[in-house]
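Each remark here refers to the structure printed beneath this line.
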Amino acid sequence: MGKFSFLYKNLINSLKKDISSYLGINISKPLQISIQSNERCNAHCIMCDCWKEKNDYLNSGEVIDTLKQLRNWVGSNFFVQIAGGEPLIFKGIYEVFSFCSENDIVCKISTNGIALTEKNCDKIIQSKLPYLSVSLDSHLPEIHDKFRGVDRTLERAVKGIEYLSKNGNLTLGISSILMKDNISTFSDSVDFFLKLPIHRLLIQPIRIWTENIPIGKWNEYKYWVNDINALNKFTDFLISRKKADARILNTEKDILEWKKYFMFPSLLVNINNKKCKIGYDRLSITYKGDIFLGCGNYGSIGNIKNDDIRKVWNSSKAKKIRQQMMKCKYPCTSNCYKDLTLKEKIEKAKVFIKSGLFDKK
């Protein structure tokens, strides 16, 4: 897989996305795919209830058939993230990784790290998976393991990262959630994460997942950051730290926006008349096979068990949902909807090129 062919293809598609969203037509393709292989999980995270699911509704053959369909339609050099639940406990997951490697599909997995035993790490290496991200929310076991609901989660995840770095050829990342319980110690956590052999770090403020809480009362959520002094201290630290370490993928704009998000989330509703364009280049597939545009907040456009992805992507229902998404009023701080500046795009691309992501076979 050539780094320049990947970047060029995605740059052209990004331009098509902008044209499509401006004219209300659809000439772009989904080059950013998220597949939730399963919802079962080996953690018991207290801010999530995925672990309550006991069954898998998809099998690896259906996931691979979906990837084949996408490969035949959009060609090589598209990006797919395999998520869960915990995807490493999904039967046949290593065959999915191998298929992506053999067909020039850039595959990333997001894992809690519990299953990163040496045996499983060796399987990951053998499958030639190019990109793995581990969810870590603190350098302190008493905080991280508490949130994951399983003892020694942090220890196992760190050992897995170190083993993969030493024995494999992967781009390794850490994803973190900023919340009430870790805000006061998170500067030390960032320093700890960046001392690990990783290539990138991405931080996301906590979102309201399972509770039906009106936006105006989000500050009453038990994991919401209400300590403004601690938040200001951390954001100042992170902006300064980013200037010294480009592996932090959040832009300065992202980091500053967290203050508004936590202090006045309702003010972020339709701030600056934002237009969410992710429905023109992103698909999400749930653990039951339902197909969504972008974040999935506006209803399914089909199901991989019954529908042709290309047809539903270009359907009238998809067009209607894109129009709704362009007027989204959800106070989202996710990175996916944001239009990066040219400088930010170049900086982000440099991180991944330096990591060797596009050279891994």
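The values are calculated or read from the model by the stated rules, or taken from the named source; none is laboratory data. Note that this is a predicted model, so its numbers are computed, not measured. Please note: Cβ atoms are built from the backbone with ideal geometry, for glycine as well, and neighbour counts cover all protein chains shown. Accessible surface areas use protein heavy atoms only, side chains included; no ligands, DNA or RNA. Shrake-Rupley method; radii C 1.70, N 1.55, O 1.52, S 1.80 Å.
Just a few scattered comments:
- Inter-part distance where the range 1-72 and the range 283-334 are each reduced to a Cα centre, Å: 11 Å
- When Ser28, Ser315 are compared by accessible area of protein heavy atoms, the largest-first order is Ser315, Ser28, using a 1.4 Å probe.
- Unsatisfied cross-links (Cα-Cα over 28 Å) in the set Lys108/Lys259; Lys9/Lys68; Lys128/Lys317; Lys52/Lys195; Lys9/Lys108; Lys222/Lys320: Lys108/Lys259; Lys128/Lys317; Lys52/Lys195; Lys222/Lys320
- Ranked order, Thr117, Thr251 - accessible area, probe 1.4 Å, largest first: Thr117, Thr251
- Matching label, Cα extents along the principal axes in Å computed from the structure shown, candidates (i) 79, 42, 38; (ii) 87, 53, 44; (iii) 49, 49, 41: (iii)
- If a spin label sat at a point 7 angstrom from the Cα of Asp188 along the line to its beta carbon, the backbone N atoms of the range 224-260 nearer than 15 Å would be those of 234.
- The stretch between Asn297 and Tyr57, if pulled fully straight at 0.36 nm per residue, gains 84.3 nm over its current Cα-Cα span.
- Between Arg152 and Lys119, the distance separating the two model label sites (each 7 Å from Cα on the Cα→Cβ line) works out to 1.5 nm.
- Cα shape, the range 149-288, gyration tensor, a/c 1.5 rule: prolate
- With every protein chain in place, the chain: carbon and sulfur % of accessible area (1.4 Å): 51 percent
- Once both labels are positioned 7 Å from their Cα atoms along Cα-to-Cβ, the gap between Glu95 and Ile25 label points is 4.2 nm.
- Gyration tensor verdict on the range 1-46 (Cα atoms; rounded if a/c is under 1.5, prolate if a/b is larger than b/c, oblate otherwise): oblate
- Only the Cβ atoms of Lys and Arg (+1) and of Asp and Glu (-1) were treated as charged; on that basis the dipole of the chain about its Cα centre amounts to roughly 1240 debye.
- Taking a straight line from the alpha carbon of Lys327, these aspartates and glutamates sit under 19 Å away, with near neighbours fewer than eight places off in the same chain left out: Asp18, Asp281, Asp339.
- Summed over the residues of the chain and divided among them, the accessible surface reaches 46 Å² per residue at a probe radius of 1.4 Å.
- Virtual spin-label span in nm between Phe264 and Leu140, 7 Å along Cα→Cβ: 3.1 nm
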